[in-house]
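Okay, so here's the structure we're looking at.
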Amino acid sequence: MDDYGSPDPDKAPSPRPSGPEDDTSAIWRGLFVAHCAGDPLAFEQLYRSLAPELHRYLKALAADASWAEELVQETFIQLHRSRHTFDPALPFRPWAFAIARYVFLMARRARTRLAGREVAIRESASSLEPAHAPEAESIVTRRTLEHWLARLPQSLRLSVVLHHLLGLDFKQVAGRLGISESSARARSSRGMARLRALAGEEER
Amino acid sequence: MNGFEGMPDGLRSAVTSGLRPDPRSPSPIRPRLRPPSARVVVLAALAIALVSAVPISLEWRSDVALLGGWRSLGLSLLQWLGGVSVLAAALTEAVPGRQLAARRLLLLVLAASTLFTGLTLSTLAVHRTLVPHGAEAIYLRVCLGCPPILALPLLAASLMLVFRAFPVRPVLAGTLAGLGSGLVADAGWRLYCEVTEPTHVFAVHGGAMLLSTLLGAALAWVVALWRERRGSNLSSLGRVL
């Protein structure tokens, strides 16, 4: 059975309390209920109080502190989006940590999928004649370009390589990466902005 | 001191835009999900319609008078109740933080199997009917293929309710939805199929329930994958990875 159905495949600490709701969880519940009622400060307070604990939990699952930080942000977005599933009569902690764990599993799957695509793209890139690479190489060496590309996040790097180096249009890039055309365009644009920033840093 | 003193701007804007008042409703609060026990009422009504539709639209089994009210309709209602209970478990499983423990899941599957076995043996004790000689293939095809098709509307409705919540183990929730729908469909089918021979009932009717269960799991997997990919485009996950 895959991640979707596996009861508990990881060795991460269980966030589920064995007894009745603890005080911290009750405070979080109050803040979340206030947030749902439209209190603009409640979510901020909840973030300050809950994020460190979520980070510890996600770090134990992901074994990567910086990735866990990103997962914390994603978890908070999901907590907000699925607030209609929260029953204020029930403890907050199991609800929130179940969502955090799901976010981790989803991210891990996405990461594995993207890694597989990157391998496939690298293989096809080695067999293709680069469309715009000669222009790029007239400005920077191939080694420098590779160095800069390696510093981009994976999602941006893939879009830049596919569009700017291999010459695929955004529709094709979107098809290859399984994302929408506008996302492909945005990622490619953000990737190029980062590359320009890196080039600027090197010049200085 | 930790690194989470201030909420990042991206997260703040994502959250506050979600709290923007909806013109249709003066409150920013989205309607709270009703408890599984309340939501299952819709499925129970659909399930009872499904059970009664089989003998009404096809025909009642030929030995219904011999079996009597309890062993025909009564036991089917008992199986309907069992199926609805499994559907309620699927709806509970779909709410984050309320996932079923492994022991409870095992008990649920054991109870469903015991119910099915008990019903079969109870009917067999009164009247033994064999599959007519030479008609094995037809009985196999009809009794294996029709119940999962009959279960489809109930399965679709169950999965809709499951995904209206936020199932953190969607395949498991889908499996339960499939098992519940399969049990309900069989509760109706046993009012039509008069064969009580255990090999036919366990292998073919049981196989039909297994098909419904697998279908529920597969559909849930597909929906979860779609939701996951759509989510990764909408949220920051795409940026992170």
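Can you work out which of the residues in region A:150-204 that are in contact with a Ser or Thr (Cβ under 8 Å, 6 or more places away or on another chain) and polar (S, T, N, Q) is nearest to residue B:227 (Cα to Cα)?
A:159
Of B:155, B:225, B:130, which residue is surrounded by fewer than 24 Cβ atoms within 10 Å (Cβ to Cβ) and either modelled with pLDDT of 95 or more or within 14 Å of chain A (Cβ to nearest Cβ) (or both)? Steps first, please.
Numbers: B:155 fails: surrounded by fewer than 24 Cβ atoms within 10 Å (Cβ to Cβ); B:130 fails: either modelled with pLDDT of 95 or more or within 14 Å of chain A (Cβ to nearest Cβ) (or both).
Going through B:155, B:225, B:130 in turn, the sole match is B:225.
Can you name every residue in region B:159-182 that is of a type in the set (S, T, N, Q) and within 12 Å of chain A (Cβ to nearest Cβ)?
B:175
For a quick check of your reading of the model, give me the residue pairs whose first member lies in region A:23-41 and is within 12 Å of chain B (Cβ to nearest Cβ) and in a helix (DSSP H, G or I), whose second is of a type in the set (A, V, I, L, M) and surrounded by fewer than 21 Cβ atoms within 10 Å (Cβ to Cβ), with beta-carbon atoms closer than 6 Å and at least 6 apart or on different chains.
As it stands, the answer is A:34/A:42; A:35/A:42; A:36/B:29, since those pairs meet every condition given.
Residue B:100 fails exactly one of the following numbered conditions: (1) at pLDDT below 90; (2) touching a helix residue (DSSP H, G or I) at 6+ places or on another chain (Cβ under 8 Å); (3) assigned to a loop (DSSP other than H, G, I, E, B). What is the number of that condition?
Status for residue B:100: all satisfied but (1).
Would you mention how many residues in region B:118-138 are assigned to a helix (DSSP H, G or I) and touching a helix residue (DSSP H, G or I) at 6+ places or on another chain (Cβ under 7 Å)? Before the answer, list the steps.
Restricting attention to region B:118-138, the residues satisfying the condition of being assigned to a helix (DSSP H, G or I) are B:118-126, B:136-138.
Filter once more, keeping what is touching a helix residue (DSSP H, G or I) at 6+ places or on another chain (Cβ under 7 Å): B:119-120, B:122-124, B:126.
Result for region B:118-138: 6.
If residue B:99 satisfies every condition in (1) closer than 22 Å to residue B:55 by Cβ; (2) within 17 Å of the chain's Cα centre (by Cα) but one, which is the exception?
For residue B:99, the exception is condition (1).
Is it the case that region B:169-185 has a residue that's more than 12 Å from residue B:216 (Cα to Cα), in a helix (DSSP H, G or I) and among the small types (Gly, Ala, Ser)?
Yes, that holds for at least one residue.
Looking at region B:62-77, which of the residues that are hydrophobic (A, V, I, L, M, F, W, C) and in contact (Cβ under 8 Å) with a residue 60 or more places away in the chain is farthest from residue A:88 (Cα to Cα)?
Residue satisfying both the conditions and the ranking: B:66.
For region B:142-152, which positions are surrounded by 17 or more Cβ atoms within 10 Å (Cβ to Cβ) and either under 10 Å from the mean Cα position of the chain (by Cα) or under 30 Å from residue A:83 (Cβ atoms) (or both)? Lay out the reasoning, then the answer.
To start, the set of residues in region B:142-152 that are surrounded by 17 or more Cβ atoms within 10 Å (Cβ to Cβ) comprises B:143-144, B:146-148, B:150-151.
Within region B:142-152, just B:151 meets the criteria.
So which residues in region B:79-96 are more than 13 Å from chain A (Cβ to nearest Cβ) and either touching a residue at least 24 places away in the same chain (Cβ under 8 Å) or under 12 Å from the mean Cα position of the chain (by Cα) (or both), if there are any at all?
Result: B:79, B:80, B:82, B:83, B:84, B:85, B:86, B:87, B:88, B:89.
Residue B:110 versus (1) within 14 Å of chain A (Cβ to nearest Cβ); (2) among the hydrophobic types (A, V, I, L, M, F, W, C); (3) surrounded by fewer than 14 Cβ atoms within 10 Å (Cβ to Cβ): which is the lone unmet condition?
With (1) within 14 Å of chain A (Cβ to nearest Cβ); (2) among the hydrophobic types (A, V, I, L, M, F, W, C); (3) surrounded by fewer than 14 Cβ atoms within 10 Å (Cβ to Cβ) applied to residue B:110, the lone miss is (1).
The values are calculated or read from the model by the stated rules, or taken from the named source; none is laboratory data. Predicted, not measured: the structure shown is a model, and the values here were computed from it. Cβ atoms come from the backbone with ideal geometry, glycine included; neighbour counts cover every protein chain shown.
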